[in-house]
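One structure below.
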Amino acid sequence: MNREANGNIDRWVKSYCPYCGVGCGLLAGLGDGAVVKVKGDPDHPSSLGDLCAKAVYLPETLKTADRLVHPQMRRCQDGPFTRVSWEVALKSTAKKFCEIIDEHGPNAVAFYGSGQLTTEEYYVANKLVKGFIGTNNFDTNSRLCMASAAAGYKISLGSDGPPASYADIDVADCFFLIGTNTADCHPVTFKRIKRRKMSDPDRVMIIAVDPRRTETADFADLHLSIRPGTDIALLNSMLHVLIREGLVDQDFIAEHTRDFEKIRALVEHYSPEAAANICDIPAPLIVEAALIFGRAQAALTLWSMGVNQSTVGVHKNNAIHNLHLATGKIGKPGCGPFSLTGQPNAMGGREVGGMAHLLPGYREVANALHCEEVARFWRIPPGRISPAPGLSALDLFEAVGRGEVKAVWILATNPAASAPDTDFIERALRLAELVVVQDAYHPTGTTQFAHVLLPAAQWSEKEGVMTNSERRITYMPKVAEAPGEALPDWKILTLFAREMGFQEDFPYESSEELFAELVQLTQGTPCDYSGASYERLKKEGPLQWPCPGPDHPGSVRLYGEFSFPTPDGRANFIPVEHQEPFEVPDRDYPLVLTTGRVKNHWHTMTRTGKAESLLKSCREPFLEMNLADAKRWAIRDADFAEVISRRGKAMVQVRVTEEIRPGTCFMPFHWGRQFGFYKAANNLTISARDPVSRQPELKACAVRVKRIMDFPLEDN
Ligand SMILES: Nc1nc2c(c(=O)[nH]1)N[C@H]1C(S)=C(S)[C@@H](COP(=O)(O)OP(=O)(O)OC[C@H]3O[C@@H](n4cnc5c(=O)[nH]c(N)nc54)[C@H](O)[C@@H]3O)O[C@H]1N2
Ligand SMILES: Nc1nc2c(c(=O)[nH]1)N[C@H]1C(S)=C(S)[C@@H](COP(=O)(O)OP(=O)(O)OC[C@H]3O[C@@H](n4cnc5c(=O)[nH]c(N)nc54)[C@H](O)[C@@H]3O)O[C@H]1N2
Ligand code: SF4
Ligand SMILES: [Mo]
C-alpha cells in the first residue's frame, strides 16, 4: 500500500486529475518513486489550486493487491487464466481477429473504449479500427454520458464543443443548473459557483432543476423539483414566458439565428399552467425561473446526466440552446450553454473521433469529404473508411448478443457494471467468441468475462493529454513506474496494430509522436489545436482550443462574433415537444427509479472502492424514497427492501426522506454485481435510448419497492 502520507516526499510534479471533467490540475508528491500525496495545483487555470476528496485519496488506489500486472489468457470464460507473455497475448489475439475478419468481415469485431483514455490513446485506437481494420465499430462510454450533448450542440449550433469557460462563472449573475448535481459530481466547479454567489448574494441567482433536493438544489435560490423526464416542458414554458414578457433579444434572433417563428408557434402551447401539469410543480415557479433567467445580464446553463441520459436527451439539449439563442445569451462573458463533461477526457475523445460515427477533428464518417481528408492523411486508399456509422455502445452489445459481432475489445470501461440492464450485457458477453479486456485491475465486473486480460498502466504511470469541459488541454506526465508488466494503453494498441500487419503505419515509440500527428488532423476544424505541442504544454501550461497556431494564445469562448459553424453562420432554433420517458409507471411498477452518483465514489469503484477514507462515507448502495411513498408501502427508514423492475431486482437499505419528490426513488449505480448480485442498480435500468444520440435512459424506469426485513419495533 502507499507510504506514510506526510514526510518522505522528494518532489512535487504537476499532473492532472484522472476523475471528472472539471479537469483540476494536481501536484503529485513523489517519494521513493511512488505517488504518496496529492494536492491542488495553484497554477492550473481551471481549478486554481482546488481539488476534491477523490483526488486526495488517489495514492491509496494505485498499487493495490488487485492490480492486473501480467497478460493472461484462457480458452473459455469459466476456465482458469494462464499467465502469458505480451508477445503471446497479442499474437494470438491478432490471429483470432484476422480469422474472424477473414471469415465474417471487419464489422464482426468491435472496440468499446472510454472517456478516461488519453487523447493519444483514443487517437491510435481510432486510426487502427476505422482506418486499418476497416470497421467503424469503435464506440465509447461517452455514449452513456455526453452523446446527447454532443449531438445537441451539433444540431443547434452547427458543431460540438461547449462555448463557455469557467472564467464565465466569475461574471455570471444567473446559474441555471438543470439535471446536474454539481456539488457532488463537479465539486470544484460548484465551489466556484458558490464563491460567485457569495460575492454578490442579492444579485447572483441560482436555479436548480432536479427531482431530488441534492446539495446543489439545497444551495439554490430556486429549486424546481420536476417529475423525471419533463425538462422539455419546463424549458419550452420558460421560453413562452420570455416571449410573453418581451425578454427575448429580437436583434440577436434576426441577425444570428433561423427558424424562430417555428419555435414561437410551438411554445404557445406551453403556458406555465400547461407545463406545471406535466412537470408537477407550481406554475408560478416556472414564471419565476424564466424571469430570473431573462432579466439576468449574464446567464449560464450548466447540465449533465439529468438532461443527457434520456430517450429525448438530444431534444432536451436543443431546448436549452433555444433559451440561450432567444435571449442572445451566448458568446458573451458570463453567458452560454455549458455542458459539464463527465469524465476527464470525454472531450478529447470527441475531438479525435472517439464515437462510432465520428472521425478526428469533429469529422463524421457519413461525410464523404471528411472520409477522404482523413484517408489521405492516414495514407490509405480513398473509400477505405466505411461511410456507414459503426455500432454505438448498446447497439454493439446487442450485435454481440445476436452473434453478428464475434470479438469485442473493452478498454478502460467496465460495462458489466455500468451499462443498463446488466442481464442483457452479461448475456452478450457470454455469447461472444472473444472478449479482450484491457484494464488496470482484476477482477472487475467485466474482466470476469474476458478470454484475454491485458494489464494497463494507469494515472501517474503513463503520459498523455486530456481536454476538460472548458476545452482546456492539459499535459499529464508519467511520474511513476507501472506495476509488473502493465503498459500504457497507446503502447498496447500500437503493438497490436503491428501484430495485425500494420507495422509501417504504427511506428510510434511515444505518445508525443501520436499527439504531434493528431493535432495536424484538427487543423482548420472547429476544434483546431494545431498550435499545441508537448513542448508548449509543458512550458506554458494548459491551453484552451481553438488554438490554431504556435503563437495563438488559445480561446476563452466560442462564437464571440456570433458566427456559428453552420452553412450560413446562423444558429438553429429546434422546435421540440415534451415526450414521456420510455417506461412510465403503472399499477405493477408504480414508482420512477432514477440512478446516479454519490460524492465520494467514482463509477464502478475499481479505484475509490480501495480508499478506506472514501469508502467509509458510503459503503453500501441505498434507495432514497419519499416519506409519502414509504408510508403507502409500509416501509420505514433503514428497512431493507427489494426494488423490482421488468429487468431484475436489487436489494438495498431504504433512506426515507423528503428530499426526493413523491413517486420517484433514487439509487446510486456504483455497486456492480461483483459487490453482491443484488446491489446493482443496473439490474433494474432500461436500455431504451435516444433515437439520435443512442444514449440510454438511465434516469427513468418503472419499479416497485417491497419491504423484505423487519426490525424490532421498539427501535422506532
Ligand atoms: N463523485 C462523482 N463525481 C462524478 C462521477 C462519479 O462517478 N462520482 N462521474 C462523472 C461523470 S462520468 C459524470 S457523467 C458526471 C455526472 O454528473 P451528474 O449528472 O451531476 O450526476 P448524476 O448523479 O448522474 O445525475 C444528476 C442529477 O440528475 C437528476 N435527474 C434525474 N432525472 C432527471 C430529470 O429527468 N431531469 C432533471 N433535470 N434532473 C434529473 C438526479 O436526481 C441527479 O441528482 O459526474 C462526474 N463526476
Ligand atoms: N445506472 C446508471 N448507470 C450509469 C450511469 C448512471 O448515471 N446511472 N452513468 C453512466 C456514465 S455517465 C458513465 S461515464 C459510465 C461510466 O462507467 P465505466 O466507464 O464503466 O466506469 P469506470 O468505473 O470509470 O470504468 C473505468 C474502468 O477503467 C479502468 N481503468 C482505470 N484507469 C485505466 C487506464 O488508464 N487504462 C485502462 N485500460 N483502464 C483503466 C478501471 O479500473 C475501470 O474498470 O457509467 C454509466 N452508467
Ligand atoms: S473536481 Fe473532479 S477533476 Fe477536480 S479533483 Fe475532484 S474529481 Fe478531480
Ligand atoms: Mo459520464
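Things to note:
- Between segment 115-153 and segment 309-369, the alpha-carbon center distance in angstrom: 15 Å
- Efficiency of FRET from Cβ geometry, V88 and N8, R₀ 45 Å, rounded to 0.05: 0.70
- The value given for segment 28-185 is a Kirkwood hydrodynamic radius of 20.7 Å, derived from the mean inverse Cα-Cα separation.
- Net charge over other residues, Cβ less than 10 angstrom from the Cβ of K599 (K, R count +1; D, E count -1): 0
- Cα pair distances in segment 634-700, grouped into 5 Å bins until the bin that holds the longest one, percent each: 3, 15, 22, 24, 18, 10, 4, 2, 0
- Ratio of Rg to Rh for segment 499-559: 1.08 [Cα atoms; Kirkwood radius as inverse mean 1/r over pairs].
- Applying 1/(1 + (r/R0)^6) with r as the Cβ-Cβ distance of K95 and E513 and R0 = 22 angstrom yields a FRET efficiency of 0.20.
- Dipole magnitude for segment 11-61: about 40 debye, using +1 per Lys or Arg Cβ and -1 per Asp or Glu Cβ, origin at the Cα centre.
- Summarising the amide proton neighbourhood of G596: residues at separation of 5 or more, or on other chains, whose placed amide H is nearer than 5 Å comprise M667, F669.
- Inter-site label distance for A388 and R74 at 7 Å from Cα along Cβ, in nm: 3.5 nm
- Radius 15 Å from Cβ of P415, net charge of other residues (Lys, Arg +1; Asp, Glu -1): -1
- Label-reachable residues, segment 662-706, where backbone N falls under 16 Å from a point 7 Å from K649's Cα toward its Cβ: 676-685, 703-706
- Charge context of F675, other residues only, Cβ under 12 angstrom, K/R +1, D/E -1: +2
- Hydrodynamic radius of segment 147-339 per Kirkwood, over alpha carbon pairs, in Å: 16.3 Å
- Rg/Rh ratio calculated on Cα atoms of segment 326-413 (Kirkwood radius): 1.09
- Ranked by solvent-accessible area (1.4 Å probe, protein heavy atoms only, all chains present), the residues K539, K130, K699 order from largest to smallest as K539, K699, K130.
- Once the Cβ-Cβ distance of A634 and H552 is raised to the sixth power relative to R0 = 60 Å, the FRET efficiency obtained is 0.40.
- Histogram of C-alpha separations across segment 348-497, 10 Å bin width, %: 10, 30, 37, 22, 1
- Share antiparallel - DSSP beta bridges, segment 84-231, percent rounded to 5: 0 percent
- Convex hull of Cα atoms in segment 114-207, direction-averaged projection (nm²): 7.9 nm²
- Equivalent-ellipsoid semi-axes for segment 11-61 (Cα gyration tensor, √(5λ), whole Å, largest first): 17, 12, 7.
- Considering segment 521-673 at the alpha-carbon level, its Rg and Dmax are found to be 24.2, 67 Å.
- Each peptide in 665-677, 357-369 receives the mean, over its residues, of other Cβ atoms within 10 Å, and ordering these scores from highest gives 665-677, 357-369.
- Percent carbon-and-sulfur accessible area, the chain, ignoring ligands, DNA and RNA, probe 1.4 Å: 51 percent
- Unit charges at the beta carbon, dipole of the chain: most positive-side option, W671, G229, N181: W671
- Eigenvalues of the alpha-carbon gyration tensor of segment 19-94, scaled by 5 and square-rooted, set the equivalent ellipsoid semi-axes at 37, 14, 12 angstrom, largest first.
- Mean ellipticity per residue at 222 nm, deg cm²/dmol - from DSSP H runs of n ≥ 4 across the chain, formula -39500 (n - 2.57): -8500 deg cm²/dmol
- Our note on the geometry: Cα centres of segment 1-72 and segment 599-662, 30 Å apart.
- Accessible surface computed residue by residue for the chain, with neighbouring protein chains in place and a 1.4 Å probe, gives 35 Å² per residue.
- Bridge type composition, the chain - antiparallel percent by DSSP, nearest 5: 45 percent
- If the segment from K706 to E658 were pulled out straight at 0.36 nm per residue, it would be longer than the present Cα-Cα gap by 15.4 nm.
- Square roots of 5 times each gyration tensor eigenvalue, C-alpha, the chain, largest first, Å: 37, 31, 26
- Translational D in µm²/s for segment 591-707 (Stokes-Einstein at 37 °C, 0.692 mPa s, Kirkwood Rh from C-alpha pairs): 226 µm²/s
- Based on Cα contacts under 8 Å between residues 6+ apart, segment 591-707 shows a relative contact order of 36 percent.
- C76 sits with roughly 70 Å² accessible to a 1.4 Å probe, with DNA, RNA and ligands left out of the calculation.
The values are calculated or read from the model by the stated rules, or taken from the named source; none is laboratory data. Because the structure is a prediction, the values reported are computed rather than measured. Glycine also receives a Cβ, built like all others from the backbone with ideal geometry; neighbour counts cover every protein chain displayed. Heavy atoms of the whole protein, side chains included, go into the accessibility calculation; ligands, DNA and RNA do not. Shrake-Rupley method; radii C 1.70, N 1.55, O 1.52, S 1.80 Å.
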